[in-house]
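Since the structure comes first, as structure tokens, the remarks are kept for the end.
The values are calculated or read from the model by the stated rules, or taken from the named source; none is laboratory data. Computed from a prediction, not measured in an experiment: that's the story for all the values here. Here the Cβ positions follow ideal geometry from the backbone for every residue, glycine too, while neighbour counts run over all protein chains shown.
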Amino acid sequence: MTSDEKTSGPGLFSLTQIRHLMRTEFERAKRYSYPLACLLLEIDGVGVYRDRAGFDAKEALLDDLIELMRKETRTCDYIGRMLDDRFLLVLPHTNPEGSATLSRRLQEMASGLAPEGGDFQVRISIGASYFHDGAPLFFDVLLEGAEEALAAAAGGKFVEASQ
């Protein structure tokens, strides 16, 4: 599999695509009253790693994380690449407990990734927000909650948005 196939292949959506899919899933969740989780994640210090190991090494590390997310998520889940090397996971029919379990598993497995150079410990920070019981009313609020939670999660933590 080439690098282009990894970063644009099935199961990985662009910023525009993932926002559209999130909006669509949010509307479905509202209509059919099922929970929806939104996870925003990033590798801590990936910019420093890029500066030290180079752009190609950083992209290889992100490709490894993409592959890990693909393996650990369901076919009904969506993974999108955001700006600044962050990823958005949209998880239909997922309650807070389910997303916390997935987040812990991703963090544990990501810590086992071995990037080029060997002297970089991979830690991912994850911010989570949820739609359940009719709140929030707009999908943008869901994304903002995940953004705020991710900011609080720096240092390899998992933080849930307060709603």
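A few notes on this one:
- Qualifying residue in region 24-34 (condition: under 14 Å from the mean Cα position of the chain (by Cα) and either farther than 21 Å from Glu147 by Cα or in contact (Cβ under 8 Å) with a residue 40 or more places away in the chain (or both)): no
- Single match in Phe131, Phe120 (criterion: touching a helix residue (DSSP H, G or I) at 6+ places or on another chain (Cβ under 7 Å), closer than 22 Å to Gln17 by Cα, not acidic (Asp, Glu) and not in a helix (DSSP H, G or I)): Phe131
- Residues satisfying the stated conditions in region 106-163, i.e. touching an Asp or Glu at 6+ places or on another chain (Cβ under 8 Å) and without any contact (Cβ under 8 Å) to a residue 40 or more places away in the chain: Ala161
- Considering Gly80, Gly45, Gly54, the condition of being closer than 18 Å to Ser111 by Cβ, out of contact with any Pro (no Cβ under 6 Å at 6 or more places or on another chain) and of a type outside the set (Phe, Trp, Tyr) is satisfied by Gly45 alone.
- Leu143 vs. criteria in a loop (DSSP other than H, G, I, E, B), of a type in the set (A, V, I, L, M), at pLDDT below 95 and under 21 Å from Ile18 (Cβ atoms): no
- Region 128-158: number of residues that are of a type in the set (Gly, Ala, Ser) and touching a Lys or Arg at 6+ places or on another chain (Cβ under 9 Å): 3
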